[in-house]
1. Quick one: grab the alpha carbon gyration tensor of the range 16-62, order the square roots of its eigenvalues as a ≥ b ≥ c, and give me rounded if a/c is under 1.5, else prolate or oblate depending on whether a/b is larger than b/c.
2. Any of K27/K153; K8/K160; K15/K55; K8/K55; K37/K153 with alpha carbons more than 23 Å apart? Name them for me.
3. Based on the Cβ-Cβ distance of K160 and I193, what FRET efficiency does E = 1/(1 + (r/R0)^6) give at R0 = 30 Å, to the nearest 0.05?
4. Nearest 0.05, what FRET efficiency do S218 and I136 give at R0 = 22 Å with Cβ-Cβ as r?
5. At R0 = 41 Å, how high is the FRET efficiency between K55 and W148 if r is their beta carbon distance? Nearest 0.05 is fine.
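Computed from the coordinates by the stated procedures, all read-outs in this text should not be read as laboratory data. All of these numbers come straight from a predicted model, not from anything done at the bench. Here the Cβ positions follow ideal geometry from the backbone for every residue, glycine too, while neighbour counts run over all protein chains shown.
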Amino acid sequence: MNQETIGKFIATCRKEKGLTQAQLAEKLNITNRAVSKWETGKSIPDAAIMLDLCKILGISVNELLSGERIAMENYQKRAEENLVELQQKANNAQKSANFLIKLVIPILGVLFIVKYGIGSRTWYFVDSISMEFILIPCLLVLLCTGYWRGFLKAFVYIIKRDNCTAEMIKDSANALKLVCRSSLIWGSIGFTISMVNLMRKHMLDSEFASPMLWGDISVALLSLFYALIINAVLVPLYFELNRLHAKNAE
């Protein structure tokens with residue numbers, strides 16, 4: 001079941017009936033934009049209006065989902081194939097929902113700890129310089145390698161799971177891996193630079209108090225801490241994309 005094929009078929013049938021997008025939309029009590037999205041393959045008609053649409057276009061639901069006219073001898077076979085694909089789509093939607101729930105629960109847990117465990121001391125973990133030291137190189141790497149589109153689409157593939165080839169999924173997985181590695185590398189570099197400067201300051205300044213040293217060390221750790229947070233979020237997405245890639249490549 002291909003949304004682009006279905007969209008082109010709807011457009012062809014509409015033109016055969018001598019209808020404009022606006023006229024078809026008016027008959028179905030929907031907007032022109034909805035019809036446009038069908039015909040460009042961005043979405044498919046809702047089940048609630050599918051029967052009315054088929055009646056107007058003079059086609060069957062089976063033909064609509066197949067994206068072509070079906071000969072009677074192949075009708076039953078295509079109907080069964082469409083039913084299987086609809087079930088697979090429903091299963092994929094359920095898997096996406098389950099995965100998002102599994103991802104959201106740990107995030108909510110962290111937020112709960114931050115609010116009620118750390119409380120007013122949350123600002124201890126915020127350092128704009130450390131954040132920029134991690135985020136800017138990751139952004140530049142994505143832009144320079146051309147993986148920024150794959151990075152953004154990774155989240156779409158995780159949710160939708162449809163209309164994406166194994167190659168597209170692989171590009172998104174590589175984009176996530178690139179960000180994870182870059183964040184760890186720059187987090188380690190930031191931590192190392194901060195520690196070297198602190199040790200140098202401590203050695204040159206004999207009056208440099210030990211409590212101040214430990215406070216500055218905690219700040220130096222923030223760049224590495226941010227890198228670990230990025231990896232904690234993206235690594236599960238990376239493995240999920242790899243699982244989808246293996247499934248689509250079969």
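1. rounded
2. K27/K153
3. Numbers: r = 41 Å, r/R0 = 1.37.
For K160 and I193, the calculated efficiency is 0.15.
4. Efficiency, rounded to the nearest 0.05: 0.45.
5. Details: r = 45 Å, r/R0 = 1.09.
Computed FRET efficiency for K55 and W148: 0.40.
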